[in-house]
Amino acid sequence: MTTEQKQLIKATVPVLRESGVALTSHFYRRMFSFNPELKNVFNQGNQQNGRQQTALAMAVLAYAEHIDNPAVLLPVLEHIGHKHTSLDIRPEHYAIVGRHLMASIAEVLGESATPELLEAWRNAYQALADLMIGTEAQLYASQVNKTGGWTGWRPFVVKTKVIESEEVTSFHLYPADGGPVADHLPGQYLSVRVLVPQLNLLQPRQYSISNAPNQLYYRISVKRESGRELTPDGMVSNQLHTFIREGDRLDVSAPAGDFSLKTDAAKPVVFLSGGIGQTPLLSMLESLVANGSSRPIHWIHGCRNQAVHAFKGVVDYYASYHRPLEKHIFYDEVETLNETDPVYEGFVDLNRLPSDSLPTEAEYYLCGPPVFITRQYADLLALGVRKEAIHYEEFGPQLLSLN
């Protein structure tokens, strides 16, 4: 890109800040109108609730703001690359997206979209697309080079379906071809693809792997979301809970994600979760216990009440014999307080915990709703924890930028 073209891109930053979501909303409507087959690739729940449009608008704005030095965005691009490989995004998809993005810029900006501006954005998009394609090619290559690895969609059998709480059910997934499965990094996720009859579409959803690597199967633990059939909430989770039986097959993509346990450190570990956000942390916890780690572990979890508290027995069991493990549980609703198994009433509040439960030298792993992550992140910083030691995973399109 020329210096003049970069200046044109930067000149659009105020417009993107003001009307970025309007632009991306127009883009998605246009793309799905001309290429309806892509509705099978994109999460239609996130289309309906607007999270995908917002996430794309934020990404486009960030790229424009850093057009002089896009290398600062590499961690974000790596994160997106993992999402894309999990959804089987390929180079040909970038050509389709680019075509509709350029057309959307012209249609939304009208006369302001001069030929020079469109050419600048065309070059900027192609540079970004080439970078993403290269990043994703490396991720695909690393997947197939693993024992039991694959790319694209592979059929798995639901061998076991386990009810973990009133809201959460686990699915134990074994490869239908009888072959091995690639080890995952504790904290990574899978994409699962099912047919949603109400939409007559295949819909992918990403679920954290909730068990330690074992080369035999993956476990995903899915919360049944409330909501009407065609609303974003529960579009696929209800399908899994209600209609998927033991013995059924699911299309599954290879493990992906850059939120994972740092296994080369001897520092204490603090796991902080809200609701179903405990699933990737369970994989980390199980891995530490299975490997006989001597690292002090602090498990802090919050949920609505005991009835929806999944994996309570599992964590209790680990805490009973894995001495470095200390747990603190918060319930929004507490019916009775059992002295042998005390819980805190209310939302997770780190200021209510003993100071030695939050060592400043520890590595912290956070997962839960965005508001949960934001609050815990701020409280940890206030307690003197370095931001480099705080790692978090936001389910769905990335909207938080805390580090």
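The values are calculated or read from the model by the stated rules, or taken from the named source; none is laboratory data. Here the structure is a predicted model, which means the values were calculated and not measured. Note that each Cβ is placed from the backbone with ideal geometry, even for glycine, and that neighbours are counted across all protein chains shown.
Values computed for the structure shown
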| read-out | value |
| --- | --- |
| Scope the stretch 156-203; condition within 26 Å of Val308 (Cα to Cα) and without any contact (Cβ under 8 Å) to a residue 12 or more places away in the chain; matching residues | Val162, Ile163 |
| Unique residue being of a type outside the set (S, T, N, Q) and closer than 19 Å to Ser86 by Cα when the list is Val168, Val181 | Val181 |
| Selected residue [without any contact (Cβ under 8 Å) to a residue 60 or more places away in the chain and touching a helix residue (DSSP H, G or I) at 6+ places or on another chain (Cβ under 8 Å)] from Ile209, Ile220 | Ile220 |
| Residue in the stretch 65-72 that is surrounded by 17 or more Cβ atoms within 10 Å (Cβ to Cβ), of a type in the set (A, V, I, L, M, F, W, C) and assigned to a helix (DSSP H, G or I) present | no |
| Flag for Val192 being touching a Gly at 6+ places or on another chain (Cβ under 8 Å), at pLDDT 95 or above and either crowded, with 19+ Cβ neighbours inside 10 Å or not assigned by TED's automatic domain parsing to the domain that holds Val72 (or both) | no |
| Tally, over the stretch 1-55, of residues that are touching a residue at least 60 places away in the same chain (Cβ under 8 Å) and among the aromatic types (Phe, Trp, Tyr) | 2 |
| Residue in the stretch 239-290 that is nearest to the chain's Cα centre (by Cα), counting only those that are among the acidic types (Asp, Glu) and in a loop (DSSP other than H, G, I, E, B) | Asp258 |
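A quick yes/no check of all residues on (1) out of contact with any Leu (no Cβ under 9 Å at 6 or more places or on another chain); (2) of a type outside the set (Lys, Arg); (3) within 22 Å of Gly152 (Cβ to Cβ):
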| residue | (1), (2), (3) |
| --- | --- |
| Leu16 | no, yes, no |
| His26 | yes, yes, no |
| Val41 | no, yes, yes |
| Thr54 | no, yes, no |
| His82 | no, yes, yes |
| Leu87 | yes, yes, yes |
| Glu92 | yes, yes, yes |
| Ile96 | no, yes, yes |
| His100 | yes, yes, no |
